[in-house]
Amino acid sequence: MVDDLQALPARPGRLILAARNAKEDLLDLLSLARTHPDRHVIADRLFRFYDRCAASGLPELHRLATTIETWWPEILAFLRTAITNAGAEGTNRVIKPPPAMPTASATPETNGYAPMRAAPHRGQHRARSSVVARCTTGPSCAPFTCGDDPRDGHPAQAEQ
């Protein structure tokens, strides 16, 4: 794989290779978990990771190094004890309610009504339906039945 990356044009190949090497350095650091590593080994691998990120010149790797620095106390605790909160996080993910679905917001163009298409898209077959749609030009428009859109040349049928 390294040969393939070195065969790429200079700039993209160098950047991809730098990102891959930084990832490998981080994985080497994290692989020390459950091995009871000496603090000098941890420090050496952490320095190698930081050095690679700094030398790359990639803002994404600088951001990754900053994130690792921010979370270092927790990462070090994991390396020393191999204890994680993965089980609790998995349980929280299962019992957490899903996020609410976004709704259309009122804009000056829609006068508070969400835009609706009563006419089918080009190339679609129009099926008659009794679903009543609200005109998007304002609250004073009479509702019309889908398929009887006045813009199609059919008269609008106001429901009473």
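A compact table of results
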{"read-out": "Ascending count of other beta-carbon atoms within 10 Å, so fewest first, for Arg34, Arg48", "value": "Arg34, Arg48"}
{"read-out": "Unit charges on C-beta of K, R, D, E only; dipole of segment 2-95, Debye", "value": "80 debye"}
{"read-out": "Segment 2-95: relative contact order as a whole-number percent, Cα under 8 Å and 6+ apart", "value": "28 percent"}
{"read-out": "Two-site label geometry, Ser31 and Ala55: point separation in nm, points 7 Å out along Cα→Cβ", "value": "1.9 nm"}
{"read-out": "Size of electric dipole in segment 52-101: Cβ of Lys, Arg +1 and of Asp, Glu -1, about Cα centre, debye, nearest 20", "value": "80 debye"}
{"read-out": "For segment 2-95: Kirkwood Rh in Å [reciprocal of mean 1/r, alpha carbons]", "value": "14.9 Å"}
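Every number here is computed from the coordinates shown, using simple stated rules; none is lab data. All values reported here derive from a predicted model rather than from experimental measurement. Glycine gets a Cβ as well: all are built from the backbone with ideal geometry, and neighbour counts include every protein chain shown.
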